[in-house]
1. Please indicate, with yes or no, whether at least one residue in region 35-47 is assigned to a loop (DSSP other than H, G, I, E, B) and closer than 19 Å to residue 303 by Cβ.
2. Being on the phi > 0 side of the Ramachandran plot and in contact with a strand residue (DSSP E or B) (Cβ under 8 Å, 6 or more places away or on another chain) is true for just one of 36, 46, 92, 116. Which residue is that?
3. From 150, 136, which residue is closer than 22 Å to residue 343 by Cα and either without any contact (Cβ under 8 Å) to a residue 24 or more places away in the chain or acidic (Asp, Glu) (or both)?
4. Return the pairs, sorted by first residue and then second, in which the second residue is buried (at least 20 other Cβ atoms within 10 Å of the Cβ) and part of a helix (DSSP H, G or I), the first residue lies in region 258-283 and is on the phi > 0 side of the Ramachandran plot, the beta carbons are less than 8 Å apart, and the residues are 6+ apart or on different chains.
5. Quick check: is even one residue across region 268-280 closer than 21 Å to residue 54 by Cβ, open to solvent by 10 Å² or more (accessible area, probe 1.4 Å), part of a loop (DSSP other than H, G, I, E, B) and at pLDDT 95 or above?
6. Taking region 224-257 as the region of interest, how many residues are open to solvent by 50 Å² or more (accessible area, probe 1.4 Å) and farther than 28 Å from residue 164 by Cβ?
7. For the subset of region 301-326 comprising residues that are of a type in the set (A, V, I, L, M, F, W, C) and over 16 Å from the mean Cα position of the chain (by Cα), which member is surrounded by the most Cβ atoms within 10 Å (Cβ to Cβ)?
8. Can you tell me how many residues in region 336-389 are of a type in the set (Val, Ile, Thr), more than 30 Å from residue 273 (Cα to Cα) and part of a loop (DSSP other than H, G, I, E, B)?
Amino acid sequence: MAISPMAISRRDLIISLGAASVAMPAAVLAQPPAQGAPSDREVLIGRTTPASSPFSEMARQRRTGADACIAKLNAAGGVHGRRVKIIDRDDGYQAEKASIAVKELLDQEGVFAMLGAFGTPTLPVVMARTEEAGVPLIGAGSLSNEARHPFKRHVFPVRAASVAETAHAIKHQRTLAVERFAIVSSKEAYGPAGANAFAASLQSAGLKPVETIAFSASDDARAVADRLRASGAQALLVSVLPKPFSAVLSHYRKMGGAAQVIGFSAIRIEDLVESLGPMAVGVGLSQPVPVPTRTTVPLVKAYHAALAAHDGQATPSYHGLEGYLEALVMVEGLRRAGRNLSRERLVSALESMTGHDFGGVLVKYGPNDRTGSAFVDIVMLNAKGGVVY
C-alpha cells in the first residue's frame, strides 16, 4: 500500500535525514568553497608564464622571485591566517596556449586571482579573460601599453610602462648631446612593440628617427649594418633578439659605426652578454627595478634575504626582483582586503595604494588609476657582463 507523503511525521523526517547524512560520503559533506572563493586557510593564485619558449630563463627567474616572497609570507603564517598557493601553467609564449591556460586556472583550479603575466603575444589574451571573469590580475608586463590603456578595472600592472622606459632612455642620451637616433628592431617577438614605443617617445620629444629598420635572422646582417652606418645615427634604440642582432652589430662596428646602443629591460642581460661578447661593453639598458645587487636599497635587501631562504643556489636578477615586487604588491593587497576576502575587496584594496613605498619603488593605483610603478633606471654593461651604475 502506498504511503501518503502527508503521513510522514516531523520526527521520522529528521531521523531519515540524519541517516542520509551518515551514509553520505565525506567528500560530499566537505564541500569546497564556491568557485574562486578562498578557503579559511588558503587562497589559490594562478600564474601563466612562457616556461617552454626562448624566454624560459626569464620566466624561471620571475617565478623564483615571486615564490621567494610567497614562501617568506607562508613561513610567517600567511596573510590573515591564509597561506598563499600558486598554481602554474605554461603558455609557451603563444596566445592560444595562454587562453587555454587561463581558462583551466579559472574554471578547473578555481583560482582567486592571477599573478605576474607577461609577454607581448600572450598578455592581451590573459587580460581579456581575467577582466571578463572579474578576476584581479596583479603584474601585467609587455612592451605595449595595453595593460593601462584602455582602462581595465581588474588589471594592475606593476612595472613602469614601456613608454616610460623609452622616454627615460632618450632623455638620458639627450643630456649627452645625442640628437640623431635610429630605431632597430627584430621582426619577431617583442621587436615591433618596442620599436613603436621608441618611435612614440621620440615623437613626444619633438624628434624623428634618422633611420628605422626591422630585420629578422634570415635577413642580410651586413646590409642592415650598412644602412645604420649610412644613417649617421649617434644612438641605436634597439628592441631586438640578442643573437640575430649580434651579427648586425659586428658588421656595424667593423664598418666604423660608433653609435651608443640603448635597449629595453625585455632584453635579458645574460642573453645579451652571451650573444654580443666584448661588443656588449657600454650597451645601455633601461630597467624597471633597482639594480638587484644594490642591497642598500631596502627592497633589494629584502629580496636577497627571501631568495636565500627559499633557494640558496639562486642568483639575484632583474627579472627575479621584478617577480618579487609583483608578489609583494599582491600580498599588500591581500593584507589590506582583510579577513573577509573577496575579489571586489581585493580590487578596492589595491586601489587604496595611492602611493605605497615598497622599499625604494613607489607603486600607485586608484579607482581610475593603474599607474603602478614609474621607476626607471639606465645601466651600462661592463667588460665582465655586470652593470655600471
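The values are calculated or read from the model by the stated rules, or taken from the named source; none is laboratory data. These numbers come from a predicted model, not from an experiment. With ideal geometry, Cβ positions are generated from the backbone for all residues, glycine too; neighbour counts draw on all protein chains shown. Accessible surface is based on the protein model in full, side chains and every heavy atom, while ligands, DNA and RNA are left aside. Shrake-Rupley method; radii C 1.70, N 1.55, O 1.52, S 1.80 Å.
1. There is no residue in region 35-47 that is assigned to a loop (DSSP other than H, G, I, E, B) and closer than 19 Å to residue 303 by Cβ.
2. After applying the criteria, what remains is 116.
3. Just one listed residue meets the conditions, 150.
4. none
5. no
6. Selection size over region 224-257: 8.
7. Here the residue is 307.
8. Within region 336-389, residues that are of a type in the set (Val, Ile, Thr), more than 30 Å from residue 273 (Cα to Cα) and part of a loop (DSSP other than H, G, I, E, B) number 1.
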